[in-house]
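Take a look at the structure below.
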Amino acid sequence: MLGLLIVIIPFLIFLTVFVLVQLIYGILFLKISDKMGISDGSRFFGFFPFLSEWLLGKLAQVDEELYPFEKKKWNWKVICLLCSVSGLVLALILGVLNLLSIIPFIGLIFSLISIFLGLFGVLVSWVCNILTCLARFKIYRKLAGNDAPWMLVLSLCLFPSIGTFIVFLLLAFGKKYKLPSNHSPSDRENAKTVPAFEQQSP
Amino acid sequence: MGVLVYLARAFGLMTVSGKLGVKNGWLGFIPFADCWLLGRLAQESDAQLKPDEKRRPWGKIYLWLSILNRAAAFILIVLFFVLFFLFFSDIGAGISNSFREFINGAGIGDVFEEFFLPISENLTHLTSLAFVIFFGCIALVFLLAIASGVLGVAEVFVRLYAEYKVYDLLAGKHAVWMVILSAFVSFAQPVLLLILGLSSAFMPKTSEQRWSNERFKPVQTVSNEAKDADTEETACKSAEDGAFPSDGAQSRGEEEK
């Protein structure tokens, strides 16, 4: 009985914290989606694991500006979803391979594969983190304009999620962070230097 | 590997300093001074990209943060040794006894003994003053650990922000993925600095050069056309034709609605 409690109580604590965090992220995603003009049912995806990453990709796609290495627009929804799922999939495969590695003789091959897969997993997690950060930056750039760089840095230096949480709070509840009416953030910055154009614009 | 990374970072900082016209690029080879140099490069980036805005002394901020962070870490290590010493040896008890005698001589020992001896009697190795030192050290360790954590985060923030500013000045739009790469891959920063410093493709751009990009050209063209035609109608027609990318996108959005 005591052993069962020792297993169950930490699991319940973990589950409660996980649900609470997801709930808070869901509310933040809802507010940000409203600000970014997403009015369909997908704005509630923030309340669910994995789907929240899909929503992140969808929000990132609102920004039309391309990164220098993008030849054309990327499907950030799929990229973010794959990034969030990849860790779980790799962990499952590694678990199975580790189980298989106890088989005599053949198990050695499986353990070798699991070592290489582990190294590959590190590389994949790097790439996924970088891509997710780029997707987040697209949201920051669209909503916060010139404040986007320090927001990105904040979400990077308080890795993995405290910085992002703070930035999402700012974006969701900060009144000055909203979708620009007819300019992309860099255009807003540029517009300051061309008063002549501003005066002549139709 | 460590020496290679150190050399790459130092050479990178030196060459980038040369490009941006910042003096004393050799400071990149000296620990702590390299922090000041990176901050100074960020200041130079601010001066060139945002000449109208208030300049922040990034060099001094980064230097002081790194010094304070290292100092906190050093004191933390020393305190750990003190704790280890007090906890695992009888010498701690001997030292505390001599201190207690000194306090008794001063006439305030009774007060201390009244408070601390009943507690310390239950401890095998720790006497009253050792007890105070021991728990004082623990409290200090906690405080310093928190301070070190906050300083560490602040230092990383300033480092990444300074890097972003340097990348922004030299590489423009590439700055975003460069700073993300620097955050995740430890040896990326020296390599990127070296590439930025050595490659002639990355040169500091003035604000005018940065704003004369492809996206902005149509806007200039439209304004000229509008000026030539000297009518509002021409300008409106150009805008509908897609000369204003964002306005065009907005009107497309309205049509879809």
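The values are calculated or read from the model by the stated rules, or taken from the named source; none is laboratory data. Values in this document were obtained by computation on a predicted structure and should not be read as measured data. Ideal geometry is used to build each Cβ from the backbone, glycine not excepted, and the neighbour counts take in all protein chains shown. All accessible areas refer to the heavy atoms of the entire protein, side chains included, with ligands and DNA or RNA removed. Shrake-Rupley method; radii C 1.70, N 1.55, O 1.52, S 1.80 Å.
Listing for the model above:
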{"item": "Cβ-based net charge around residue B:38, under 15 Å, with every Lys or Arg adding one and every Asp or Glu removing one", "result": "+2"}
{"item": "Ranked packing of A:161-172, B:8-19, most packed first, by mean Cβ within 10 Å", "result": "B:8-19, A:161-172"}
{"item": "Phi-based couplings in Hz for region B:136-146 (Karplus 6.51, -1.76, 1.60; Gly and Pro marked x)", "result": "x, 5, 4, 4, 5, 4, 4, 4, 5, 5, 5"}
{"item": "Simple label model, 7 Å out from Cα along Cβ direction - residue A:64 to residue B:1, nm", "result": "4.6"}
{"item": "Label point distance in nm, residue A:44-residue B:53, each placed 7 Å from Cα along Cα→Cβ", "result": "4.1"}
{"item": "Accessible area of region A:40-188 belonging to carbon and sulfur atoms, whole % at 1.4 Å probe", "result": "76"}
{"item": "Mean-position separation - Cα centroids, region A:136-173 and region B:2-46, in angstrom", "result": "28"}
{"item": "Helix-only mean residue ellipticity at 222 nm for chain A, each DSSP H run of n ≥ 4 adding -39500 (n - 2.57), per residue, nearest 500", "result": "-24000 deg cm²/dmol"}
{"item": "Average beta carbon contacts from partner chains per residue of B:156-165, 10 Å cutoff", "result": "4"}
{"item": "Vicinal HN-Hα couplings computed from phi for region B:151-166 (Karplus, 6.51 cos²θ - 1.76 cosθ + 1.60; Hz; Gly/Pro x)", "result": "5, x, 5, 4, 5, 5, 4, 5, 4, 5, 5, 5, 4, 4, 5, 5"}
{"item": "Relative contact order computed over chain A (Cα-Cα under 8 Å; 6+ residues apart), in percent", "result": "19"}
{"item": "Filter on A:73/B:19; B:19/B:173; A:58/B:165; B:60/B:173; A:58/A:142 - keep pairs with C-alpha separation over 24 Å", "result": "A:73/B:19; A:58/B:165; B:60/B:173"}
{"item": "Charge tally in the Cβ shell below 13 Å around residue B:55, where Lys, Arg are +1 and Asp, Glu are -1, residue B:55 excluded", "result": "+2"}
